[in-house]
Ligand SMILES: NC(=O)C1=CN([C@@H]2O[C@H](COP(=O)(O)OP(=O)(O)OC[C@H]3O[C@@H](n4cnc5c(N)ncnc54)[C@H](OP(=O)(O)O)[C@@H]3O)[C@@H](O)[C@H]2O)[C@@H](O)CC1
Ligand SMILES: [K+]
């Protein structure tokens, strides 16, 4: 079992294509299912302690996995029962049912067991479960101390993370072969519990991954403040937003941070406050990342500042209000490195209403704007032009606090200013932001979050070294 960090994420069509490629190379559906069933059986055996197990099986290949997992559990000496609402269809699932060979209880009459394994539907689910089937599943999950979903909780849409009906909450989901978007996109992700991938030994390729831990190092011995990365932030009408983003950039590792348009000296004194009117500081060639948007406002002054930022050739991070003042076409025409950090409202203001999953929307938006798009939320998606995308999965719900987005903008800007691929920089910022929140636990405010980026950065550097 492997955790999700950095693993490949495949939609149902890509998963089928990987399966077909394996079959063309000499595998069979049966051999893949045997591997899946055995891996599920072994994982349940490890997770279930000495408790009795009930496996509920559906009519497709997800059900086939369940019959074989039950057979494996029986071979391991476990007490295991099987229930189903319908007979298996398809040769592999029928063979799996025969390999189990034991009793199959009617789902509606099945009594709960301490461990429930849901093998009803996986990536092939296209419509809501029938009401009686959904009710039976909910009853059996509620009656179990440990509920494990095979591949996906039955009732979630694999590609976009939607719920096709009432879906119970599971403790663990065992993803077969690869993670699916529903393991990382809401609302489905919150139903999955802990997700573990069971590798099936088939070749996988694709452009979407779960957010990996950043590969970060301490500054080299010959570093100076500018080589570590200079971040310049444009102060807006709401001064606190820029202050927070600036503190975050400092704590996330930038060597030099200036707040443009703030001239009254105050703590922290390491933050360089400069007028924005004299000697155009926006074109300073030492700037590694220029940030505009936090607390900017949307008036004419804000528009002027945005025009000046767009005219600069520096890597640009656009957040908050500034996302309401620009168009994707304008960004594409500007070119250069651009990172956008919209929440859902800002995303729709900039890109309009979109079709399909949050992942698809972010990828399309990145292409349209020629920018890395960090589509924020409880299931942040990061997409780059060209198709690469990262799914951050569930972060602390305490991040829903004022100023949290300003801190994220500062963290990403610090990593952007340090150089390298802008997608990696955005990913590192998102990771550090989530890690800082984890360290703080509950009830924190954005000021705490900015400060906690430093220990989160130190931990990421230690983990890179280990
Ligand atoms: N990829 C891999 O490498 C491997 C994948 N494997 C496994 O295969 C799983 C995908 O299998 P799958 O394609 O057979 O789909 P699955 O989720 O079992 O459901 C389809 C069946 O359910 C039916 N059906 C659908 N909705 C329904 C509803 N609401 N109510 C009632 N019926 C409904 C549908 O019928 P139909 O829509 O055709 O009428 C069809 O019969 C995948 O999640 C993984 O577990 C491993 O075995 C091996 C390696
Ligand atoms: K399932």
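Brief remarks follow.
- Once the Cα atoms are used to define both axes, helix 358-369 deviates from the longest principal axis of the chain by about 30 degrees.
- Length gained when the stretch residue 79-residue 205 is fully extended (0.36 nm per residue, less Cα-Cα span): 41.5 nm
- Beta bridges by DSSP in segment 230-465, antiparallel share as percent, to the nearest 5: 20
- Bridge type composition, segment 12-207 - antiparallel percent by DSSP, nearest 5: 5
- Pair-distance distribution P(r) for the chain, from all Cα-Cα distances in 20 Å bins starting at 0: 25, 46, 24, 5, 0 percent.
- Per residue, the convex hull around the alpha carbon atoms of segment 230-465 comes to 114 Å³.
- Helix 91-100 and the long axis of the chain differ in direction by around 60°, with both axes built from C-alpha atoms.
- As a proxy for reagent exposure, 347, 226 were ordered by neighbouring Cβ count within 10 angstrom, fewest first; the result is 226, 347.
- The C-alpha atoms of the chain define a longest principal axis, and helix 300-311 lies at about 80 degrees to it.
- Counting DSSP beta bridges with both ends in the chain, the antiparallel % (nearest 5): 15
- Stretch gain in nm, segment residue 21-residue 299, where the contour uses 0.36 nm per residue and the Cα spacing is subtracted: 94.5 nm
- Ranked 331, 163, criterion: other C-beta atoms within 10 Å, fewest first: 163, 331
- Peptides 242-252, 168-178, 105-115, 211-221 ordered by average Cβ neighbours within 10 Å, highest first: 242-252, 168-178, 105-115, 211-221
- Spatial extent of segment 12-207: Rg and Dmax, with the Cα atoms as the point set, Å: 15.1, 44
- Hydrodynamic radius by Kirkwood, which averages 1/r over all alpha carbon pairs of segment 1-85, in angstrom: 14.1
- Per-residue ellipticity at 222 nm computed for the chain from its helices equals -12000 deg cm²/dmol, with DSSP H segments shorter than 4 residues left out and the rest contributing -39,500 (n - 2.57).
- Approximate spin-label separation residue 397-residue 50, in nm, with each point projected 7 Å along Cα-to-Cβ: 3.6
- Footprinting exposure proxy for 314, 303 (fewest neighbouring C-beta atoms within 10 Å first): 303, 314
- Kirkwood Rh and Cα Rg combined as Rg/Rh, segment 147-249: 1.20
- Here the gap between residue 135 and residue 353, fully extended at 0.36 nm per residue and compared with their Cα-Cα distance, gives a gain of 75.0 nm.
- Label-point separation, residue 190 to residue 226 (7 Å along Cα→Cβ), nm: 4.8
- Take the Cα of residue 127, step 7 Å toward its Cβ, do the same at residue 327, and the gap between the two points is 4.3 nm.
Just so you know, all these numbers are worked out from the coordinates, no wet-lab data involved. Here the structure is a predicted model, which means the values were calculated and not measured. When we count neighbours, we look across all protein chains shown, and the Cβ atoms used for this are built from the backbone with ideal geometry, even at glycine.
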